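Structure first, commentary second.
We did not get these values from a lab; they are worked out from the coordinates using the rules stated. What you see is a predicted model; the values in this text were computed from it and never measured. With ideal geometry, Cβ positions are generated from the backbone for all residues, glycine too; neighbour counts draw on all protein chains shown.
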Amino acid sequence: MLNIDTFLKIGSSHSVCEDYVLSGTHKLHYVILSDGCSSSPNTEMGSRILCYLARQYIRYRFTENPYSFNLNYDEMGKWIIHNAEMTARQLGIPSTCLDATLMVSYCDPIDYKSSPTVNIFIYGDGFVVLVPKNEPVQICEVEFKPDNMPFYLSYYLDSSRFQAYHDRKVSKFYNATSEDITKYHWNDQYAYDFKMQQILKVNEYKAILLFSDGLKSFIRQDPTNREIIPISDVIGDLVSFKNIKGKFLQRRVSKALKSLAENNIVHYDDLSIGAYVNEELWDGHIQLDRPDGSTEISS
């Protein structure tokens, strides 16, 4: 059985939270999150529009044929963004409000599959954090270089913006850690519009989590030294669930952020998280391997 929860909090440098996250467990288990671009107007609305339309799409497709439920990356992305454009137009908001990343995930209906999988579709950047059964935590990041410019679905709505982005020669990178969570061991480069999709077997992981890129925005608030805090230094506290019932993610992350704040550590960007936890495998232990060979076990 999978337990699902979400968390959302505004970043310390923001006046409006531009992230959004949804989840559900009725028949279809899903987590959807979006991160709006801070330099575009009204993206707090755009991220919500994208999330709700993504939910509408996967629910409809599931209801249409639950026994052979499958989603196409391109078809889903184009349906969501074109319907989002119509929604924004009806609300009188410029389509640039849709300059937002989107992560759509669902678990194959357990009633119909003996070996369910969590399927993740990433449009833009973000993180997937994995807690395997017998291995250290794995941190997987999708990012864009140069200039940290994600490819938004909204660029398909305007040929001039699409061309301008294309001319920037941006590439998509998939970075992943192995046993040493302090550094990436894989750094694969792709075209900016490469279809980024993951299929993960539920029975191989204690937990599967989605994060917006606010995960890498933790800093120590010191007037003389704004120290960037590595993800490897905060991830253990964020995912070490003692109780996985109810609002387990909200409890865990709220406590972790409070503890970090006591040490003047905050996340300056908005932070959205969605978690799938495998109740049959979860034992409360998180393995974090360090470069010196030491291992931390949190519970």
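Could you list THR224, THR43 so that the one with the fewest beta carbons within 10 Å of its beta carbon is first and the one with the most is last?
Result, fewest neighbours first: THR224, THR43.
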Show me the helices of the chain, taken as full DSSP H stretches, that run 30 Å or more along their long axis by Cα and average -0.5 or above in Kyte-Doolittle hydropathy.
43-64
For the stretch 155-299 the mean separation of alpha carbon contacts under 8 Å (6+ apart) over residue count, i.e. relative contact order in percent, is 26 percent
Bin all alpha-carbon pair distances of the chain at 5 Å intervals from 0 and give each bin's fraction as a whole percent.
1, 5, 12, 16, 19, 18, 14, 9, 5, 2, 0, 0
Cα shape, the stretch 62-167, gyration tensor, a/c 1.5 rule
oblate
What nm distance separates the two modelled labels at ASN134 and SER171, each placed 7 Å from Cα along Cα→Cβ?
3.6 nm
Fewest to most neighbouring Cβ within 10 Å: what's the order for TYR20, TYR156, TYR67?
TYR67, TYR156, TYR20
Sticking with the crude label model, points 7 Å out along Cα→Cβ, report the distance from ASN203 to LYS78 in nm, one decimal please.
3.7 nm
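Determine the relative contact order of the stretch 193-267: mean sequence separation of Cα pairs under 8 Å and six or more apart, normalised by residue count, in whole percent.
The normalised contact order for the stretch 193-267 reaches 31 percent.
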Please rank LEU50, LEU281, fewest neighbouring Cβ atoms within 10 Å first, as an exposure proxy.
LEU281, LEU50
Largest first and to the nearest Å, give the Cα extent of the stretch 5-79 along each principal axis.
46, 27, 14
Testing the spin-label approximation: label points 7 Å from Cα along Cα→Cβ at THR182 and ASP283. State their distance in nm.
2.6 nm
Amide H of LYS206 versus every other amide H placed in the peptide plane: which residues, excluding those fewer than 5 positions away on the same chain, fall under 5 Å?
VAL131, LYS133
Sort the stretch 1-139 into rounded, prolate or oblate with this rule: let a ≥ b ≥ c be the square roots of the eigenvalues of the Cα gyration tensor; rounded if a/c is under 1.5, and if a/c is not under 1.5, prolate when a/b is larger than b/c, oblate otherwise.
oblate
Rounded to whole angstroms and listed largest first, the alpha-carbon spread of the stretch 196-299 along its three principal axes comes to 47, 32, 31
Over 28 Å between Cα atoms: which of LYS27/LYS206; LYS172/LYS201; LYS145/LYS206 fall into that group?
LYS145/LYS206
